[in-house]
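Participant: Supplied in structure tokens, the structure appears directly below.
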Amino acid sequence: MSDTLHARDVEAGPPARRTTSPSDDLDRLRRTSPMSDAVLDEVRGRHIRSGDRWLIDFASCNYLGFDWDPEIIQAIEPAVRRWGTHPSWSRLLGSPRLYPEIEERLAALLGAQDTLLLPTATLIHASVIPVLAGTGHVLVDARAHKTVYDGCVTARAQGARLERFRADRPEELEVLLRALPSDGPLLVCLDGVDSMSGNIPDLPLLARMCRNRGATLYVDDTHGFGVIGERTPAEPCPYGSRGNCVVRHTGETYDGIVLVGGFSKAYSSLLAFLALPSRLKNRLKTAAGPYLYSGPSPTASLATALAGLAVNDRRGDAIRADLYRKTARVLRHVHGLALDTPGVQGFPIVEIPIADTSDLDAVARLLWDRGIYVTLAAHPLVPRDRIGFRIQVTALNSDEDIDHLNGTLSDLAERHLLRRRR
């Protein structure tokens with residue numbers, strides 16, 4: 001659920017009055033719904049067991065199914081035998097050879113000058129955004145992920161001025177950039193693929209605005225990495241080829257762009273990265289806390305990331321084409337039921353708002369009883385008019401899984417529990 005909290009749902013300052021906490025709805029859901037704060041007892045691909053109930057997993061972000069790929073699993077033991085379970089130096093002290101190998105392969109895949117590996121995107125946002133913002137100005141999309149917003153708040157606490165805008169209203173960014181002085185750092189932060197809707201901003205337009213004002217564009221594409229990639233006439237599906245992120249997918253370059261991505265979703269590994277110029281990489285080695293102080297990713301994560309890159313080179317496009325086919329089946333059914341869903345670009349995240357927000361417990365129970373496991377979206381994880389649930393389709397979901405999901409959505413729609421498209 002931590003993937004779903006956005007900057008738009010965080011108040012700029014404390015309200016004059018509040019009788020309940022913003023997290024009350026979420027806490028009640030945690031206490032009442034079996035699909036919240038659940039303990040899972042067994043996993044078999046995309047079928048999971050909690051207690052005595054088996055469910056089809058549509059809450060996983062392991063889009064490519066690498067968490068169960070035999071070739072990737074087999075890469076773990078040799079690496080652990082060579083490096084032990086956890087190389088516990090901070091990266092400033094020493095990095096196992098796995099790190100530069102991954103960074104070099106990753107830079108080649110992304111088409112970036114350089115990359116820097118750190119354990120998680122959350123740590124990257126918290127440490128790198130303040131460094132890039134300095135005592136200048138940081139502008140954050142109101143729909144950016146909550147962890148991006150938190151990094152911006154930290155930058156503000158260290159002397160930067162913070163403003164918000166809507167990336168889907170580019171004129172707001174243009175007005176802000178024109179009004180700001182150019183005598184200090186200008187940083188603009190936003191998501192690549194939105195973690196709730198799966199939508200992608202007009203990155204070329206926003207990047208051009210930033211370049212015209214000398215601003216750095218900071219893009220979190222943790223959901224896009226591994227799924228969307230460069231567009232070519234020979235691409236096997238509309239996701240593009242190679243899974244090399246939103247910058248290449250939109251035909252952009254890394255001029256003035258710092259990209260953040262993660263291996264924890266499509267690549268099923270605890271590892272994250274920045275795509276950036278080498279000079280900035282060297283600066284962050286002594287300025288970003290996680291490089292200096294944090295324990296590194298476990299050896300198994302490094303091994304699976306490296307093996308995943310090799311699998312992606314050989315089989316990734318075929319896996320993405322199958323993922324697109326399965327996602328399209330779900331979206332065709334959702335559209336056929338005339339259900340409201342904010343996603344418009346076919347990414348394997350399908351957000352389903354419910355008709356009456358007070359029915360979330362009932363909807364969750366029906367999904368559970370039908371053996372469907374999803375990401376519930378309560379306030380403040382989403383705005384109140386978007387309360388519902390998020391479906392994540394993965395390559396390991398079978399056609400039978402999709403059939404069962406679609407049948408369950410039909411049942412919910414017949415009971416008038418899901419919001420219809422206006």
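Participant: Placing +1 at every Lys and Arg Cβ and -1 at every Asp and Glu Cβ, with all other atoms neutral, what dipole size does the chain have around its Cα centre, in debye to the nearest 20? Could you put the intermediate results ahead of the total?
Facilitator: Numbers: 51 positive and 52 negative charges, 145 e Å.
In total the dipole reaches around 700 debye.
Participant: Which order do the peptides 188-195, 397-404, 36-43 come out in when sorted by mean C-beta neighbours inside 10 angstrom, highest first? Provide the component values of the computation, followed by the final result.
Facilitator: Working: 188-195: 26.9, 397-404: 16.0, 36-43: 12.0.
Highest mean packing first, the order is 188-195, 397-404, 36-43.
Participant: Oh, and also: If you take the charge dipole of the stretch 371-422 about its Cα centre, with +1 on Lys and Arg Cβ and -1 on Asp and Glu Cβ, which of ALA377, ILE391, GLY407 is farthest toward its positive end?
Facilitator: Projecting each Cα onto the dipole axis, the largest value belongs to ALA377.
Participant: On a straight-distance basis, which lysines could pair with LYS281 in a cross-link, Cα separation under 28 angstrom, same-chain partners fewer than 8 positions away excluded?
Facilitator: LYS146, LYS265
Participant: Rounded if a/c is under 1.5, else prolate if a/b beats b/c, else oblate: with a ≥ b ≥ c from the C-alpha gyration tensor eigenvalues square-rooted, which is the stretch 271-317? Don't skip to the answer; put the middle values down first.
Facilitator: Numbers: a/c = 4.34, a/b = 1.67, b/c = 2.61.
Taking the square roots of the gyration eigenvalues as a ≥ b ≥ c, the stretch 271-317 is oblate.
Participant: Each residue of the stretch 334-339 in order: what ³J(HN,Hα) in whole Hz does its phi give by Karplus 6.51 cos²θ - 1.76 cosθ + 1.60, θ = phi - 60°, with x for Gly and Pro?
Facilitator: 4, 5, x, 7, 6, 7
Participant: Here are labelled values, (i) 1.05; (ii) 1.09; (iii) 0.97, and one is the computed Cα Rg over 2.2 N^0.38 Å for what I pasted. Which one?
Facilitator: Computed from these coordinates, Cα Rg over 2.2 N^0.38 Å corresponds to label (iii).
Participant: Let me ask another. Provide the per-residue ³J(HN,Hα) series for the stretch 137-152, in order, calculated from phi with Karplus coefficients 6.51, -1.76, 1.60 and θ = phi - 60°, each as a whole number of Hz, with x at glycine and proline positions.
Facilitator: Going residue by residue, I get 10, 10, 10, 10, 4, 5, 9, 5, 4, 4, 5, 5, 4, 4, x, 5 Hz, with x marking Gly and Pro.
Participant: Something else: Can you show me the helix-derived [θ] at 222 nm for the chain, built from DSSP H runs with n ≥ 4 at -39,500 (n - 2.57) apiece and divided by the number of residues, rounded to the nearest 500.
Facilitator: Mean residue ellipticity at 222 nm (helix-derived): -12000 deg cm²/dmol.
Participant: Placing +1 at every Lys and Arg Cβ and -1 at every Asp and Glu Cβ, with all other atoms neutral, what dipole size does the stretch 279-347 have around its Cα centre, in debye to the nearest 20?
Facilitator: Values: 11 positive and 4 negative charges, 49 e Å.
Around 240 debye, computed over the stretch 279-347.
Participant: Another one. Among PHE347, SER297, LEU309, whose Cα lies farthest out toward the positive end of the dipole of the stretch 284-355, if unit charges sit on the beta carbon of Lys, Arg (+1) and Asp, Glu (-1)?
Facilitator: About the Cα centre, the residue reaching furthest to the positive side is LEU309.
Participant: Which order do peptides 80-92, 371-383, 50-62 fall in by mean Cβ count within 10 Å, highest first?
Facilitator: Working: 80-92: 14.2, 371-383: 22.0, 50-62: 18.2.
Put in order of decreasing packing, that is 371-383, 50-62, 80-92.
Participant: Once you sort the root eigenvalues of the Cα gyration tensor of the stretch 128-191 as a ≥ b ≥ c, which label holds: rounded (a/c under 1.5), prolate (a/b larger than b/c) or oblate (the other case)?
Facilitator: On the way: a/c = 2.33, a/b = 1.11, b/c = 2.10.
Oblate shape, in that a/c is at least 1.5 and b/c is the bigger or equal ratio.
Participant: How would the stretch 225-274 be classified by its alpha-carbon gyration tensor: rounded, prolate or oblate, with rounded meaning a/c under 1.5 and the a/b versus b/c comparison settling the rest? Don't skip to the end; give the middle numbers.
Facilitator: On the way: a/c = 3.88, a/b = 1.23, b/c = 3.16.
Since a/c reaches 1.5 but b/c is at least a/b, the shape of the stretch 225-274 is classed as oblate.
Participant: Still on this structure, I have one more. List the relative contact order of the chain as a percent without decimals, with contacts defined as Cα pairs under 8 Å and 6+ residues apart. Provide the component values of the computation, followed by the final result.
Facilitator: Values: 859 pairs, mean separation 102.4, N = 422.
Relative CO of the chain lands at 24 percent.
Participant: With +1 on the Cβ of every Lys and Arg and -1 on the Cβ of every Asp and Glu, and nothing else charged, how large is the dipole of the stretch 223-338 about its Cα centre, in debye rounded to the nearest 20?
Facilitator: On the way: 15 positive and 7 negative charges, 28 e Å.
It works out to roughly 140 debye.
Participant: Given the options VAL246, PRO70, ALA112, identify the residue whose Cα lies farthest towards the positive end of the charge dipole of the chain (+1 on Cβ of Lys, Arg; -1 on Cβ of Asp, Glu).
Facilitator: With unit charges placed on the Cβ atoms, the residue in question is ALA112.
Participant: For a protection proxy built on the mean count of beta-carbon atoms within 10 angstrom, sort 297-304, 67-74 highest first, please. Write out the running numbers ahead of the final one.
Facilitator: Working: 297-304: 23.8, 67-74: 15.6.
So the order, starting with the most tightly packed, is 297-304, 67-74.
Values in this text are rule-based calculations from the coordinates and carry no lab data. No experiment lies behind these values; they were computed from the predicted model shown. With ideal geometry, Cβ positions are generated from the backbone for all residues, glycine too; neighbour counts draw on all protein chains shown.
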